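Have a look at the structure below, then the notes.
The values are calculated or read from the model by the stated rules, or taken from the named source; none is laboratory data. What you see is a predicted model, and the numbers here were worked out from it, not measured in a lab. All Cβ positions, glycine included, derive from the backbone under ideal geometry; neighbour counts span all protein chains shown. Just the protein is used for accessible areas: all its heavy atoms, side chains included, with ligands, DNA and RNA removed. Shrake-Rupley method; radii C 1.70, N 1.55, O 1.52, S 1.80 Å.
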Amino acid sequence: MRLVANKWSKFSVLLGHAGAAKHIPNMRRFSASNLKAMLRQYAFVVAKPIIGTGGSSVLKIKKTGNRYLLHNSGSKRIYRSWKELFSTLNQIRKNRPFMLQQGIDLATIDGRPLDYRVKLKKMGRSWIIRAVVGRLARPGLFVTNLCQGGTLLKGTHALRRTFPASLVKSKFDTMCGVARTCTKLLESRYPGIGMLGYDFGIDKRGNVWIFEVNTKPH
C-alpha cells in the first residue's frame with residue numbers, strides 16, 4: 001500500500017480542483033516574510049512540519065499589538081520582539097521544512113477545539129467510508145490528536161453538540177462528499193494508495209475546512 005508523507009504535495013493536488021480548493025485554508029511555505037504577511041491577514045497562523053504525524057511540533061502563532069503569542073503543545077509563551085519569536089521557531093524547526101496555514105477559529109465544546117477524522121479504505125475497486133469521528137482537544141491544548149490526550153467522540157454526536165440539529169446531516173454529508181472528491185484526485189495522482197484519513201475542521205460559522213490528509217491514518 002502506497003504512503004505519501006509530504007503534506008505540501010497532497011495539498012498541491014487538491015488545490016488544482018476548485019471544489020476541493022475552497023475547503024483548504026490559505027497556506028504558504030514557512031519563511032519570515034510569509035509568516036509576517038499571514039499574521040497581518042489572519043487572527044492566528046498554524047505552523048507545522050511538511051512531514052510529520054501526531055500533532056508533534058504543530059505551533060499556533062498569534063500577534064497582539066507588538067507582542068507575539070506562541071502556543072506549543074501545552075505551553076504558551078509571549079515574545080516581545082519578532083527576532084526572539086523567530087529564533088525560537090527556528091530552534092523548534094531544526095531546519096525541517098515547515099508550512100504555514102491560515103488559523104481557523106474552530107467550533108468548540110466547553111471551550112475545547114474540536115475537529116473530525118473521516119477514514120476511507122479501498123475495498124476491491126470501491127472506496128468505503130469506514131469511520132467519521134470527532135476529536136476533542138485536551139483542556140489547554142489546541143491540537144486534537146488522540147496521542148496528545150484528545151477525546152474520541154462519535155461524529156454525529158460531536159456535530160450535535162456544536163450545531164443545531166437541522167445542520168448536523170448537511171455538515172456530515174459535506175465532509176464525506178469532500179473526502180470522496182479528494183480521494184479520486186489523490187488516487188489518480190498516487191495510484192496504489194489504499195487508505196486515507198482526512199482531518200476536517202468546522203469553524204464557528206459552519207464552514208468546513210480540510211486540515212490534513214493522511215495515507216496511514218491511525
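Legend: residues 160, 80, sorted from most to least accessible area (1.4 Å probe; ligands, DNA and RNA excluded), read 80, 160.
Under 1.5 on a/c is rounded, so check that first for the range 79-205, then, if it is not, pick prolate when a/b is larger than b/c and oblate when it is not; a ≥ b ≥ c are the square roots of the alpha carbon gyration tensor eigenvalues.
Oblate, since a/c reaches 1.5 and b/c is not below a/b.
Which one, 14, 85, 59, has the greatest fluctuation when you compute a Gaussian network model over the chain with C-alpha springs under 10 angstrom? Largest GNM mean-square fluctuation: 85.
Can you tell me the orientation of helix 165-189 relative to the chain, as the angle in degrees between its alpha-carbon axis and the longest Cα principal axis, to the nearest 10? Computed tilt is about 90 degrees. Projected label points at residue 5 and residue 40, each 7 Å from Cα along the beta carbon direction, are separated by 3.6 nanometres. Among (i) 29, 21, 15; (ii) 49, 18, 15; (iii) 34, 19, 14, only one was calculated for this model; which label is it, if the read-out is semi-axes √(5λ) of the Cα gyration tensor in Å? Correct label is (i). Looking at the range 1-75, the accessible area is 48 square angstrom per residue; that uses a 1.4 Å probe and ignores ligands, DNA and RNA. Full extension of the segment from residue 163 to residue 108, taken as 0.36 nm per residue of separation minus the current Cα-Cα distance, would add 18.8 nm. Taking the protein heavy atoms of the range 73-218 in the context of the full set of protein chains, the accessible area attributed to carbon and sulfur is 51 percent at 1.4 Å.
What is the angle, in °, between the Cα long axis of helix 82-93 and the longest principal axis of the Cα atoms in the chain? Nearest 10 is fine, range 0 to 90. Helix 82-93 sits roughly 40 degrees off the main axis of the chain. Annotation for residue 91 and residue 129: the two label points, set 7 Å from Cα along the Cα-Cβ direction, are 4.5 nm apart. For the pair residue 17 and residue 31, label points projected 7 Å from Cα toward Cβ lie 3.0 nm apart. Rounded to the nearest 10 degrees, the angle from helix 32-41 to the longest Cα principal axis of the chain is 80 degrees.
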